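The values are calculated or read from the model by the stated rules, or taken from the named source; none is laboratory data. Keep in mind the model is a prediction, meaning the values are calculated, not measured. Using ideal geometry, Cβ is built from the backbone for each residue, glycine included, and neighbour counts are taken over all protein chains shown.
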């Protein structure tokens, strides 16, 4: 089962790449935008290489003394994305940071504006910070609820709606390309957002929910969280194994961008549903508030219901000083 999933994902990405290459053979344009991008003259076929490397250092202490002082290759990812036949987008990416290849994205999206259909492994639509790329989040780690409540990528099929700054994303998911169960539980997810532009301010509001079933034969759930650094060897907040067959999440989100000043906040509640009639349902919650200011004057980017790239006025690649930002966060998780 796991091997067939991996083979399917790799085959799908290879087929898309081959189709694009054949179609581009007669009229190929190549430009460099941080990486090579290939396209046909009519724009119906596109392909670009994408990748990132994140390296972290951390020094962590608790009441017993220093527990970590080390570095880590947090992300080492490479992949491709592009368009075939004008309306079909594809994305494929592999991460090697753990020392093993780990497929992150393997998806195809068919655009039927303002609706699109997505198939493959991609992010379950939940949470503003989870949906925002790790390239554009404010801190080196996401908030506590995204890790503690197990947000991430799964194989599924979904639909996206985007029109006039209003978005709806919904999907049904089951397992991952690295799945190890022959009878995997399903996840049903929904997220909706709206962005309003009022004078010089952008205001984002949104909500999301999902219901997640366990794989067959698994009757436990566990929620835990590190102290906001992946290098921490311990997860100090931990429920241990709970008697549960599924869980249900509800979350609300808010963000604002006012020139170089921006803020965002989320609050979420997770209910763990008991696996037996004698078991007890459990509820947990958490949230955060971020405030940041870009000293060099740029605005934080926003696109399609998530925060996006900061357009740097004086990039280092052009001889400038780059952009500088200061930020503060308050984060709480109750397990």
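Before moving on, here are some points about what is shown:
- Exactly one residue out of 94, 83, 118 is surrounded by 18 or more Cβ atoms within 10 Å (Cβ to Cβ), in the same structural domain as residue 192 (by TED's automatic domain parsing) and assigned to a strand (DSSP E or B), and it is 118.
- Residue within segment 45-56 that is exposed (fewer than 15 other Cβ atoms within 10 Å of the Cβ), within 30 Å of residue 168 (Cβ to Cβ), at pLDDT 80 or above and not assigned by TED's automatic domain parsing to the domain that holds residue 161 present: no
- Residues of segment 276-334 classified as under 23 Å from residue 264 (Cβ atoms) and either outside the structural domain of residue 194 (by TED's automatic domain parsing) or assigned to a strand (DSSP E or B) (or both), total: 27
- Options 158, 144, 99: the member that is under 15 Å from the mean Cα position of the chain (by Cα) and either farther than 23 Å from residue 78 by Cα or without any contact (Cβ under 8 Å) to a residue 24 or more places away in the chain (or both): 144
- The condition of being surrounded by fewer than 20 Cβ atoms within 10 Å (Cβ to Cβ) and outside any strand (DSSP E or B) holds for only one of 137, 108, that being 137.
- Here residue 42 fits the description: more than 19 Å from residue 120 (Cβ to Cβ), over 26 Å from the mean Cα position of the chain (by Cα) and in a loop (DSSP other than H, G, I, E, B).
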